[in-house]
Amino acid sequence: MAKKQFETLFYSAGGVIALAAILIAVNFLTGAFNPRIDLTQGSVYTLSPGTKAILSRLEAPVKLRFYYTQGGTAVPVGLKTFAKRVEDLLAEYRAASGGKVIIEKFNPEPDSDAEDSAALDNVEGQMTNSGEKFYLGVSVSFLDQKAAIPVLSPDRERLLEYDITRAISQVSAARKPVIGVMSGLPVLGRPLNPMLKQQPAEPWVLASELKRSFEVKKVELEAEKIDDDIKVLLVIHPRNISEATEYAIDQFVLRGGKLIAFVDPYAYFDQQPDMQNPFGGSQAGQSTLYNLFKAWGVDVGMNKVIADLTFASGAGPRLLPTLLSLNIEALNQEDVVMNQVGTLLIPFGGVFTGKPAEGLTQTMLAHTSKNSMLVDLIIATLSGEPSTRGFEPSGQEQPLALRLTGKFKTAFPQGKPEPFQPRGEKKKDEAVKKPEAAPQLKESAAENSVVLVADVDMITDNAAVEVQDVFGQRLIVPRNGNLAFAQGIVEQLSGDSALITLRSRAAFSRPLTVIRQIEAQAQQSYLGKIKELEDGLNQTQEKLQALQKSRTGASNILTPEQQAEIENFRKKSVETRKDLKELRKNLRVETDKLELLTKVINIALIPLLVMLVGLLLAWAKRRKIAGVAKS
């Protein structure tokens with residue numbers, strides 16, 4: 001018996017020692033090879049291919065200085081957890097760079113050398129609720145170039161990889177990118193011109209902000225060639241653009257230049273003389289890139305603007321369905337620029353229709369709700385009840401801004417168009433030798449990206465910012481995310497081409513979307529009731545007019561038939577309002593039930609299932625042991 005107990009003890013001890021040896025060996029091997037497996041939805045711990053492509057092209061080491069005050073007791077626990085995720089992400093940069101990214105960690109406590117270093121690297125200190133100062137930021141340096149992310153915030157965590165990669169791309173660039181601005185409006189300002197009776201105009205805030213980060217060059221609207229040093233061409237309201245200029249833009253895109261175009265079927269802030277009005281009236285300007293859009297498979301109708309009751313501005317008599325106030329539901333949250341825009345204001349914009357041409361991929365950046373439709377220009381600025389009369393939703397989300405990606409083909413396969421020659425004008429001497437034109441490009445050599453926006457008013461100072469005068473200083477206050485959107489798109493396209501494909505990191509939290517869908521469906525029913533009420537009103541008015549015509553005499557006293565019609569309409573109105581009230585009540589009840597059920601499932605059901613599985617396994621194990629004991 002003693003011998004058997006000794007053997008059992010020997011084998012048990014040997015098994016424990018063998019298991020310990022295996023664990024040590026596995027730990028050593030995993031530490032040597034550093035394997036990584038990301039099983040999270042959206043791969044939140046994996047660098048994007050765009051980041052890896054930029055890191056692979058680094059010619060010298062890049063230093064990432066991570067400043068984080070670790071000794072602060074007043075720092076919230078959530079912020080500490082976020083700082084750990086930042087540190088893990090930086091480790092991924094070091095691993096993916098093959099040694100070209102060097103991570104340096106600093107703990108900037110008060111009155112320390114690390115705090116002085118943070119100040120020199122433009123990393124800003126933050127204050128806790130208790131008044132304690134702490135640092136959480138990153139500085140990126142490459143040779144003598146330096147860029148900083150002064151404050152890292154959990155609110156911008158989805159764009160953390162983009163911010164770091166963009167900083168690396170900026171410091172490793174040889175010079176500031178050149179941005180070309182072509183416009184039919186005074187975007188870059190305008191001097192006084194008494195000959196043309198033009199008043200001077202200050203540069204738009206957008207232009208002033210772009211000049212902080214880029215070299216901005218003006219490109220005339222009649223240009224027949226885009227300079228080779230321009231990396232991004234910003235075309236804003238190309239009113240009456242010629243085919244020759246469109247050809248220049250076409251060749252610019254085919255040789256790899258990035259294009260951002262703002263066009264508009266109803267540019268409210270560009271009032272032009274109305275040639276059809278003999279009394280000297282004005283009308284909103286229009287702009288498009290007809291030949292380019294046709295070749296790319298997209299179109300913007302010049303006779304209609306988009307109205308959207310879900311994203312309409314105002315309420316009641318001030319409801320304006322054509323002044324869209326977009327929130328995150330209308331913005332592509334997977335795009336690194338749109339993810340942080342927040343809100344957009346689109347005044348009297350259009351939408352893109354059509355199917356992208358072969359070889360091109362379309363990505364919606366901003367879109368309408370399904371509760372939208374195109375309306376005629378004549379009612380673009382109507383508000384209140386007249387603006388919704390006869391409203392019939394399209395049932396589709398329509399793109400307000402989009403990105404086209406792929407290999408572009410020329411919109412002018414027959415070659416450069418001939419300049420416009422007015423009838424009766426003598427032809428120039430053919431003997432005059434013309435400068436040789438560059439060979440025409442038929443197709444882009446590599447994939448390229450173009451961003452198109454169906455509104456111009458959104459980036460004007462009137463819609464995008466509020467200018468305040470504070471103690472003699474000009475203070476710019478953004479009204480919405482319009483300015484951030486335009487700047488972000490320019491920054492994205494002007495950087496490394498890999499930045500364009502860089503995804504927004506998946507969020508750690510998952511919002512509920514079913515509730516929003518139910519609310520949208522109820523809103524459609526609500527809109528149907530409104531349409532039914534309007535139709536009933538029109539029918540009653542027609543009957544009243546018919547009774548009025550058939551009435552004899554000049555008396556203004558209502559006949560019994562007219563009084564009956566009016567009474568019937570009043571009863572119908574009361575019944576419809578009652579139905580609408582009941583619909584809203586049912587919507588709230590249904591939404592509350594769904595929200596409660598979802599919370600129960602997410603919070604209680606999964607732990608309950610785990611507990612039940614554990615109890616079943618324990619019960620099965622006990623039955624097995626009891627069966628062995630009986631045998």
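Read-outs throughout are calculated quantities, based only on the coordinates presented, and are distinct from any laboratory measurement. This structure is a prediction, so every number in the text was calculated from the model and none was measured. So basically every Cβ, Gly included, is an ideal-geometry build from the backbone, and we count neighbours across all protein chains shown.
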When a/c reaches 1.5 or more, the comparison of a/b and b/c decides; with that in mind, is region 117-244 rounded, prolate or oblate per its Cα gyration tensor? prolate
Of all chymotrypsin sites (Phe, Trp or Tyr not before Pro) in region 101-193, the ones in DSSP coil with at most 14 other Cβ atoms within 10 Å are none
Can you give the FRET efficiency for residue 611 and residue 122, using 1/(1 + (r/R0)^6), R0 = 56 Å, r = Cβ-Cβ distance, to the nearest 0.05? 0.60
Would you mind checking 100/231; 52/355; 100/409 for any pair whose Cα atoms are more than 29 angstrom apart? 52/355; 100/409
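Please compare each pair in 225/416; 225/304; 176/211 to a cut-off of 21 Å on the Cα-Cα distance and tell me which ones are over it.
Pairs exceeding the cut-off: 225/304.
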Cα centroid of region 137-186 to Cα centroid of region 353-373, whole Å: 29
I'd like the FRET efficiency for residue 199 and residue 618, computed as 1/(1 + (r/R0)^6) with the beta carbon distance as r and R0 of 56 Å, rounded to 0.05. 0.10
Over what distance in Å are the Cα centres of region 61-130 and region 218-267 separated? 43
Give the calculated FRET efficiency between residue 385 and residue 477 to the nearest 0.05, with a Förster radius of 45 Å applied to their Cβ-Cβ distance. 0.85
Once you have a ≥ b ≥ c as the square roots of the Cα gyration tensor eigenvalues for region 298-426, tell me rounded if a/c is under 1.5, and otherwise prolate or oblate according to whether a/b is larger than b/c. oblate
What shape does region 234-362 have by the C-alpha gyration tensor, where a ≥ b ≥ c are the square roots of the eigenvalues, rounded means a/c under 1.5, and otherwise prolate means a/b greater than b/c and oblate the rest? oblate
What does the extension gain come out to for residue 271 and residue 567, with contour length at 0.36 nm per residue minus their alpha carbon separation? 101.8 nm
On a full-extension model of 0.36 nm per residue, what is the gain between residue 24 and residue 156, subtracting their alpha-carbon distance, rounded to one decimal in nm? 43.6 nm
Using packing as a proxy for protection, rank 81-88, 125-132 so that the peptide with the highest average count of other Cβ atoms within 10 Å comes first. 81-88, 125-132
Computed on Cα atoms, Rg of region 74-176 relative to 2.2 N^0.38 Å comes out at 1.10
Which GluC sites (Glu not before Pro) from region 282-363 combine a DSSP loop assignment with at most 16 other Cβ atoms within 10 Å? 334, 358
